[in-house]
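Bear in mind that the values in this text are calculations on the coordinates, not laboratory data. Remember, it's a predicted structure, so these values are computed and weren't measured experimentally. All Cβ positions, glycine included, derive from the backbone under ideal geometry; neighbour counts span all protein chains shown.
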Amino acid sequence: MNTTACTIAAGAIFLALAARWAFSQTTRPGTTKPANSAVVPVSKLEDHAYDWHARHKAVLEAKKGFDPEIVLIGDSITHFWGGDRPKEDLQRGPGAWKKLFAGRRVLNLGFGWDRTQNVLWRLDHEEFDGLKPRYVVINIGTNNLTGTSNARENTPAEIAEGTAEICKRVRAKSPNSKIVLMGVFPRGQKADDPLRPKIAALNKLLADYAKSHEIIFLDIGSRFLEADGSISAEIMGDGVHPTERGYAIWAEALQDIIKQ
C-alpha cells in the first residue's frame, strides 16, 4: 500500500471511530430540537437546472395508478440516470438504464442537489405513499458532505442517522420491500481528495446499520477507481456524477440483486 493510500485509510479509521461515538450524540440534552440537520425534513434548499417543486408534483402524478416493481430514491446521481416516470430530458445513463430496467416498472425519485433532509420531506409528503415495490434502491448522502449558505455540512455520523431515518420511513410504508442501500460513491478525481476519508467513514456506518436491520448494503466505490485511486473522467466527468460508463458499473452491480 502506498503512502497516500495509507494516509487515507488511517484517516478513514479515525473518522469511523469518531463517528461511532457521535452517532448517538446528535440531539442536545434537554431540548426537543435535533442538533442534526440531516434528520430535519425540509423541502428545496438549493437551486439547480430543474424546478424542484415541479418535479415533486410530477412524481405525485406519475405514481397515480402505477405499481412500480422498483423505486429509486436519491439525489442527482439517481435523478439524471434515466427513466420516464417522471420524464426527465437530461439523462446521463440511458443505455445502462435500458439494459438494467427494460420491461420493468421503475419509479425514479431522484432529485438533483437533495440531501437526506430533502428526501425525508418528500417521503413525508406522499411521494412513497401507497407504493409496495419489490425493491427500493437508496443512494443518498453525498450532498450532505458539503455545506452552502442554505445548509451546513454534516458529519458522517449525522448523515448515517439521516439515511437511517429514510430507511425507517420506507420500511414503515412498505414493510415487505427489499431495501438496497448504496454506499456513497467516491468523489474527487484524485485519490487524496479530502472527502474520501469521510465517505469511507460514512459507508462503514451505513454497512453496520444495514447489517443490523436486514437491509442489503451495496458498496461499489472501488469499481469506479483506477489502480492509483483516481477517478477517470470517462467514469465520472466531474468527479461526482457518473457518465454512461459509470452508470453501466452501477447497473451491473444491481443486476444480480434485482434479477429475481
Revision key, fill the gap. Loop-resident trypsin sites (Lys or Arg not before Pro) in region 216-260 with no more than 14 other Cβ atoms inside 10 Å, DSSP not H/G/I/E/B, are Lys259
Practice item. Check every DSSP H run in the chain and write down those whose alpha carbon atoms cover 27 angstrom or more along the long axis and whose mean Kyte-Doolittle hydropathy is -0.5 or greater. Key: 3-22
**Study point:** Dipole axis of region 107-153 (+1 Lys, Arg; -1 Asp, Glu on Cβ), positive-most option in Asn150, Val119, Tyr135
**Key:** Tyr135
Check your understanding: With charges set only on the Cβ (+1 for Lys and Arg, -1 for Asp and Glu), what does the dipole of the chain come to about its Cα centre, in debye to the nearest 20?
Key -> 680 debye
Review point. What residue among Gly103, Gly229, Gly83 shows peak mean-square fluctuation when the chain is described by a Gaussian network model with Cα springs under 10 Å?
Key: Gly103
Point to revise | Most mobile listed residue (Ser232, Ser177, Ser222) in the chain, GNM with C-alpha springs under 10 Å | key: Ser222
Practice item. Please order Trp81, Trp121, Trp97 by the number of other Cβ within 10 Å, starting at the fewest. Key: Trp121, Trp97, Trp81
Practice item. Return the percentage of antiparallel bridges among DSSP beta bridges fully within region 3-258, rounded to the nearest 5 %. Key: 20 percent
Check your understanding: For the cross-link pairs Lys57/Lys259; Lys87/Lys259; Lys173/Lys198; Lys190/Lys259; Lys57/Lys178, which exceed 28 Å when the distance is taken from alpha carbon to alpha carbon?
Key -> Lys57/Lys259; Lys173/Lys198; Lys190/Lys259
